[in-house]
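No value in this document is a laboratory result; all are computed from the given coordinates. None of these values were measured; they are calculated from a predicted model. In this analysis, Cβ positions are derived from the backbone assuming ideal geometry, glycine residues included, and neighbour counts consider all displayed protein chains.
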Amino acid sequence: MIRALALLALACFILLPLAQAVILSFTATLPRPNVAEGAIGLMNYRAVLAAPELRAAMVNSAVYVLLNVALCIAVALPAAYALARFRFTGDRHFLLAILVFRVTPPVVLSLPIFILFARIGLVNSPVGIALVHCLFNLPVAIWILESFIRAVPPEFDETAFLDGHSAPGFFLRHLIPQIAPGIGVAAFFCFIFSWVEVVFARILTVTGGKPITMAIQAMFGFQTDIGMVMAMTCLSLLPGMAMIWFVRHHLARGFSLRA
């Protein structure tokens, strides 16, 4: 009984900020035309969706996150297969070396990346954010997929090649369905890491192409409309929830297989 009450209290403490954000998102925290302060309704969500810069921020975030996930999976899959199936000098050290990028603080690389992207015209572009996020998410995707591919017996590959499948055919028809849970886990982490990242999103979007994280930050000022900020925050949670919903079966199976 005491343990249940303690867990309930902990859950309430953790979920309290989220519950407060949801409640405030439906509350008019500043007076507006025909809306009194403290009124309850969808006025904050309507105001967010009516603002062109906020709609553009949501589109920018969706573009660079989905592009980042697609690039990471497309590059990580053959790289992970090579690490899992072939042996070469320093292969284990190479895997550890690329993981260094994941533990490197983004601010350390912010200046050289900004200078490089400014020269090639990728500043203020969702494509630039997607590419720089791949630098940090690709090692994680390779590490996850390599462990799943290693769990597949090499005889599986040999049988497919003996049946006359080409390398692309083997990947599409055999390997990808076999390691679908691992791909779901890798896509989930790439999506989440890219969606919540702030440092490069701020540095690489000086005047345009701002993502949803920067749009929320820009809403704070001398007189902040907390209701609109919370509405934008709640909208920013929807893509992550949708991602979890779409890969929920692969995600649960992938985590259990990984364990």
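Annotations for the structure displayed:
- Magnitude of the charge dipole for the chain, about its Cα centre and with charges confined to Cβ atoms of Lys, Arg (+1) and Asp, Glu (-1), is about 200 debye.
- Environment charge of P139, counting only residues whose C-beta is closer than 12 Å and scoring Lys/Arg +1, Asp/Glu -1: 0
- For the listed peptides 74-81, 189-196, a ranking on the average number of other beta carbons within 10 Å per residue, highest first, reads 189-196, 74-81.
- Packing-based ranking of 19-26, 32-39, 157-164 yields 19-26, 157-164, 32-39, ordered from highest to lowest mean Cβ neighbour count within 10 Å.
- Using the rule -39500 (n - 2.57) for each DSSP H run of four or more residues, divided by the residues of the chain, the 222 nm mean residue ellipticity is -24500 deg cm²/dmol.
- Rounded FRET efficiency, nearest 0.05, which uses the C-beta distance separating I244 from L5 and R0 of 22 Å: 0.15
- Unit charges at the beta carbon, dipole of the chain: most positive-side option, A79, V35, L175: V35
- Along region 61-72 the Karplus relation, 6.51 cos²θ - 1.76 cosθ + 1.60 evaluated at θ = phi - 60°, assigns HN-Hα couplings of 4, 5, 5, 6, 6, 5, 5, 4, 5, 5, 5, 4 Hz to successive residues, with x for each Gly and Pro.
- Farthest towards the positive end of the charge dipole of the chain, among the residues T207, T233, C190, is the Cα of T233, using unit charges on the Cβ of Lys, Arg, Asp and Glu.
- In a reduced charge model with +1 at each Lys and Arg Cβ and -1 at each Asp and Glu Cβ, region 136-228 shows a dipole moment near 400 debye about its Cα centre.
- Residue-count net charge about L99 - beta-carbon cut-off 15 Å; Lys, Arg +1, Asp, Glu -1: 0
- A protection proxy built from the mean count of other Cβ atoms within 10 Å ranks the segments 83-90, 122-129, most packed first, as 122-129, 83-90.
- Volume in Å³ per residue [convex hull over Cα atoms, computed for the chain]: 192 Å³
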